[in-house]
Amino acid sequence: MTEDSINKIEKLFPTYSESNDNLLALINKTSQIICKWFSDAEQIGPLPFDSNFKCSVPDEFGNSTDVLFSEIESLIYGSFNPVHPGSLAHLDPPPLNISIVGDLIAASLNNNLLAHELSPSISLLEDAICKWFSKKLGFNESAGGIAASGGTLSNLNALVAARNHAGLNADQNAIFIISEEAHSSFDKICLIMGLGKNNLIKIKTDDNGCMDISDLRSCIDRCHDEGKKIFSIVATLGTTIQGSIDPIEHISRICKDNNIWLHIDGSIGGIFAITKIPIKGIKNINFANSITINPQKILGITKTSSILLVSDINVLKNTFNTGLPYISSKSSVLNRGELGIQGSRPAEIIKLWLGLRFLGMQGIEHILHSSIEKRKYFEKNLNIEKYEYCSGPLHIISFLPKGMNKKESDEWTLNKRMALMSNNIMLSRPLFKNRFFLRAVLGNYNTSAIHINELLKLLD
Ligand SMILES: Cc1ncc(COP(=O)(O)O)c(C=O)c1O
């Protein structure tokens, strides 16, 4: 295709003086393909049986949108489908319709949350949504937050701020503490922060997968004796394999007594804390210094959607404020790229805002509550003569036939996962306490009792 024909046949960018019929046609066609793919999920299942997607790469001359649409279709039909009711493997629920629209708007505006002048209304929106979450969690007026691309980055923002706040940036004795059930990304965070393996201590968990307080206390004593300086203790609100909640109230008292930053990784469970759903150990978490919440993991806000909330926004400002010499702004204006690690950031807050506005508190509670009910239903009907299981108060459950060793669990979970897949039910297969389990994440709104019964039948 020549330069001339590109400009004649295909518009490269939205036009500023004519109507944008070309873009409209592209969006319409894309919407049709996507909606058809959603509707086809029933036949295809959670994963395409045989993905024959051929990855094409850019060539010398561009391609027409007709060519691209056939490739787009092939790409889409080779994708994991979160909309299928048997998609129960991971924390990747179906996308909320209005959130899909939010992504389209964010892409179209192409604003940048780095600076106020590059995203005037959206910067205000992000601030307002973070303050709304803060208030819901019980933080006071000095609180605020920042969106980031995923829970790993939100947790990283928190720990970098905690270490800076403690004045331990250059101190090789600086350590942080998590439980052995905390998410594996904390190992990455340790690496990124220039810390060694010895700077991250993992506390034992009890039979319910919760941080063992006596082990935590002895760890703190040991650290004092060895001259190690703890800049943060991380409590997990919803562990990855069983959805357990660490004893946050206990941990917060320990943090207060020892002047240590309490970070709550609420990537899975944090969103439940803004509702009235009665869950033990989830209320009054406002004594934390920071909390990660990931609405992408259960509410269906499209990826990525994560926010870090801090009880004192000044801590983020003091940590990440480098100045932006190429951005002109009044001193009263806050450029939100100076509140976290990321520089340029997409307007992800739009889809979160739209999702929350659309659902309202009742809709949010309905989705979260129904996912817990589904887990309870599955748990109640699981054959406990045959299976052992672990589950906290949220929507995740992992299970395994009783009495298996690692090798047996490896084989059984591999075979069972495959057998379930051939019946269009997708579970995950985590390694947990040195044995493999099957895990069901019951946060898929499209999954009903019929599908859970089918799963139970296949397990019996
Ligand atoms: C408890 C917990 N924390 C953090 C993360 C990391 O979140 P992300 O994948 O959004 O970076 C996960 C991911 O599943 C998680 O389960």
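The values are calculated or read from the model by the stated rules, or taken from the named source; none is laboratory data. The model shown is predicted, which means the values in this text are computed figures rather than measured ones. Methodologically, a virtual Cβ is constructed for each residue, glycine included, from the backbone with ideal geometry; neighbour enumeration extends over all protein chains shown.
Some notes on this structure:
- When the criteria are applied in full, Ala147 fails the requirement of being more than 17 Å from Ser305 (Cβ to Cβ), within 13 Å of the ligand (Cβ to nearest atom) and crowded, with 23+ Cβ neighbours inside 10 Å.
- Any hit, the stretch 107-126, residues being under 23 Å from Gln32 (Cβ atoms) and at pLDDT 95 or above: yes
- Evaluation of Val333 against (1) in the same structural domain as Cys130 (by TED's automatic domain parsing); (2) surrounded by fewer than 19 Cβ atoms within 10 Å (Cβ to Cβ); (3) without any contact (Cβ under 8 Å) to a residue 40 or more places away in the chain (one fails), failing number: (3)
- Qualifying residue in the stretch 276-289 (condition: over 20 Å from the mean Cα position of the chain (by Cα), buried (at least 24 other Cβ atoms within 10 Å of the Cβ) and assigned by TED's automatic domain parsing to the domain that holds Ser311): no
- Any hit, the stretch 186-194, residues being in contact with a strand residue (DSSP E or B) (Cβ under 6 Å, 6 or more places away or on another chain), within 15 Å of the ligand (Cβ to nearest atom), free of Cβ contacts under 8 Å to residues at least 24 places away in the same chain and within 27 Å of Leu431 (Cα to Cα): yes
- Scoring Ile233 on the criteria (1) over 14 Å from Ala158 (Cα atoms); (2) free of Cβ contacts under 8 Å to residues at least 60 places away in the same chain; (3) of a type in the set (A, V, I, L, M); (4) within 16 Å of the ligand (Cβ to nearest atom) leaves a single failure, condition (1).
- Test for Gly355: is it within 14 Å of the ligand (Cβ to nearest atom) and buried (at least 21 other Cβ atoms within 10 Å of the Cβ): no
- Ser123 being under 13 Å from Ile291 (Cβ atoms), part of a helix (DSSP H, G or I) and more than 16 Å from the ligand (Cβ to nearest atom): no
- For His90, the conditions (1) part of a loop (DSSP other than H, G, I, E, B); (2) under 14 Å from Leu339 (Cβ atoms) are fulfilled apart from (2).
- Scanning the stretch 175-198 for residues that are more than 20 Å from the chain's Cα centre (by Cα) and not in a loop (DSSP other than H, G, I, E, B) returns Ile175, Phe176, Ile177, Leu191, Lys197, Asn198.
- Residue satisfying all of: in the stretch 203-229; β-branched (Val, Ile, Thr) and surrounded by fewer than 24 Cβ atoms within 10 Å (Cβ to Cβ); nearest to the ligand (Cβ to nearest atom) among these: Thr205
- Near pairs, Cβ below 8 angstrom, 6+ apart or cross-chain, from the stretch 91-107 (more than 16 Å from the ligand (Cβ to nearest atom)) to any residue that is among the small types (Gly, Ala, Ser): Pro94/Ser87; Pro94/Gly300; Leu96/Gly300; Leu96/Gly355; Ile98/Gly355; Gly102/Gly355; Ile105/Ala347; Ala106/Ala347
- The stretch 95-144 - residue that is buried (at least 19 other Cβ atoms within 10 Å of the Cβ) and aromatic (Phe, Trp, Tyr) and, of those, farthest from Gly343 (Cα to Cα): Phe139
- Some residue of the stretch 367-380 being surrounded by fewer than 18 Cβ atoms within 10 Å (Cβ to Cβ) and in a strand (DSSP E or B): no
- Put simply, of Pro278, Pro295 the only residue that is part of a loop (DSSP other than H, G, I, E, B), away from the ligand (no atom under 16 Å from the Cβ) and of a type outside the set (Gly, Ala, Ser) is Pro278.
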